[in-house]
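This report concerns only the one structure given below.
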Amino acid sequence: MRTPASGLLQRGSRVLTVGVTQWRATVIGIVLVAVVTASVGPLGDSARPVQALALVVPVVVAAVLGGHRPAYAVAVAAALAFVLVLPPVGSVRVRVAEDATALAVFGLVAVVVATLVSRRIETLAEVERQRAALLRAVSHDLRTPLASIRAAASDLAVGDALPPPTATRFAEIIGEEADRLDRLVANLLSLGRIEAGAFQPALDAVDLAEIIDAAARRLAPLFASVTVRLDVAEALPLVRGDHTQLDQLVTNLLENAARHSPPGTTVTVAAAGERERIVIAVADQGPGVPPDEAAVLFEPFRTGRIPGVGGVGLAICKAVVDAHDGTIAVGATPEGGAVFTVTLPRE
């Protein structure tokens, strides 16, 4: 289990690594500027375009190796070398206006190139990070239900040797774990639609009380050691939203609460109408949300010790709420657990 001290050391190590990488990229870029300047200097004043293009290369290298900060530093060094070192410096002709213009144009080009390259590299790095996180999350979340299904199916294969109650329980385990796999796949499909910009709700009048009750009954196996208390206001106003997406929202919040509630504790689901909004609150008596994780809790694969299904459950909750012009927030309960509060517009 990771302690706060170990987390601090890991964060400090990452900061140090990033700092060393940027410093090395800057040094390499400046060395390349010196090498390029010495190489293209003998070409003379007539080769200014070639010299300018050659000096962009160290800027690109610095951007690839260290990101935008080293690239900007190397761009400044390259611009100064282009104006102050390369010919016509030292000639009898003084062209202050032309050199000033050349400095401005070259500096602008170098900065733009550095920005574009560094952003592309950072985007590719983030995509690779999310891909690796997705593989880890999916492999972890698939392994447990598949193992349970395989074990139960193997025992059922014994046939008449099992007493009926035991065989029935094994069949229930297979059904429960299959439902868990179905929720995982649904979340991953929703994540794909979110990233593709196709996560649009089909708005209709939706009964949230019915969704909450159905989700609580469907997830009853997860709450075998936890008490679920529903506090839904009578005649709860309808919500204008997408029934499937809102069901996924409630299901993910309940599953998240179930997986972080110690045995013998209570999960409370409350829903009430407030003016033009419906407020849903899902509270547990678990470990709560560390302050340093609350800011990234609703980002995919950034959930740390507070995971949803495959690390995307709470991210999908945020996407559903945003698509319905609502809000979602996490706070602490008096008992120290976590409470997720969602507001949605009334029909």
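The values are calculated or read from the model by the stated rules, or taken from the named source; none is laboratory data. Source: prediction; values computed, not measured. Heads up, the Cβs are rebuilt from the backbone with ideal geometry, glycines too, and the neighbour counts pull from every protein chain shown. SASA here: full protein model, heavy atoms, side chains in, ligands and nucleic acids out. Shrake-Rupley method; radii C 1.70, N 1.55, O 1.52, S 1.80 Å.
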Original post:
Looking only at strands (runs of 3 or more DSSP E) that fall completely inside segment 214-278, which ones have 3 or more residues that are within 23 Å of residue 327 (Cα to Cα) and under 31 Å from the mean Cα position of the chain (by Cα)?
Top reply: 239-241, 266-274
Subject >> Unmet requirement for residue 277, which otherwise passes all of (1) open to solvent by less than 30 Å² (accessible area, probe 1.4 Å); (2) touching a residue at least 60 places away in the same chain (Cβ under 8 Å); (3) farther than 16 Å from residue 219 by Cβ >> reply: (1)
Original post:
Only one of (1) hydrophobic (A, V, I, L, M, F, W, C); (2) modelled with pLDDT of 80 or more; (3) open to solvent by 40 Å² or more (accessible area, probe 1.4 Å) fails for residue 1. Which number is that?
Top reply: (2)
Original post:
Quick one: in segment 230-261, which of the residues that are within 12 Å of residue 207 (Cβ to Cβ) and of a type in the set (D, E, K, R) is least open to solvent (accessible area, probe 1.4 Å)?
Top reply: 247
**OP:** Return yes when residue 288 is at positive phi and either open to solvent by less than 40 Å² (accessible area, probe 1.4 Å) or under 20 Å from the mean Cα position of the chain (by Cα) (or both) and no when it is not.
**Re:** yes
Subject >> Residues located in segment 327-346, provided they are within 19 Å of residue 236 (Cβ to Cβ) and free of Cβ contacts under 8 Å to residues at least 40 places away in the same chain >> reply: 327, 328
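Within the group 7, 44, 29, 67, which residue is at pLDDT 80 or above and either open to solvent by less than 20 Å² (accessible area, probe 1.4 Å) or over 38 Å from the mean Cα position of the chain (by Cα) (or both)? Steps first, answer last, please.
Working: 7 fails: at pLDDT 80 or above; 44 fails: at pLDDT 80 or above; 67 fails: at pLDDT 80 or above.
Exactly one of 7, 44, 29, 67 is at pLDDT 80 or above and either open to solvent by less than 20 Å² (accessible area, probe 1.4 Å) or over 38 Å from the mean Cα position of the chain (by Cα) (or both), namely 29.
Only one of these is surrounded by 14 or more Cβ atoms within 10 Å (Cβ to Cβ) and modelled with pLDDT of 70 or more: 122, 177. Name it. Spell out the reasoning first.
Numbers: 122 fails: surrounded by 14 or more Cβ atoms within 10 Å (Cβ to Cβ).
Only one candidate passes the filter, namely 177.
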Original post:
Going through segment 329-347 one residue at a time, which ones are among the hydroxyl-bearing types (Ser, Thr, Tyr) and within 9 Å of residue 278 (Cβ to Cβ)?
Top reply: 343
Subject >> Whichever residue in segment 325-343 is of a type outside the set (Phe, Trp, Tyr) and open to solvent by less than 10 Å² (accessible area, probe 1.4 Å) and, among such residues, is farthest from residue 291 (Cα to Cα) >> reply: 342
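If I ask for residues that are free of Cβ contacts under 8 Å to residues at least 40 places away in the same chain and open to solvent by less than 10 Å² (accessible area, probe 1.4 Å), which ones from segment 49-58 would you list?
Step one: of segment 49-58, the residues free of Cβ contacts under 8 Å to residues at least 40 places away in the same chain are 49-51, 53-54, 57-58.
Hits for segment 49-58 are 51, 58.
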Original post:
Got a sec? Which of 112, 61, 89, 105 is open to solvent by 60 Å² or more (accessible area, probe 1.4 Å), farther than 30 Å from residue 293 by Cβ and either in a loop (DSSP other than H, G, I, E, B) or modelled with pLDDT of 80 or more (or both)?
Top reply: 89
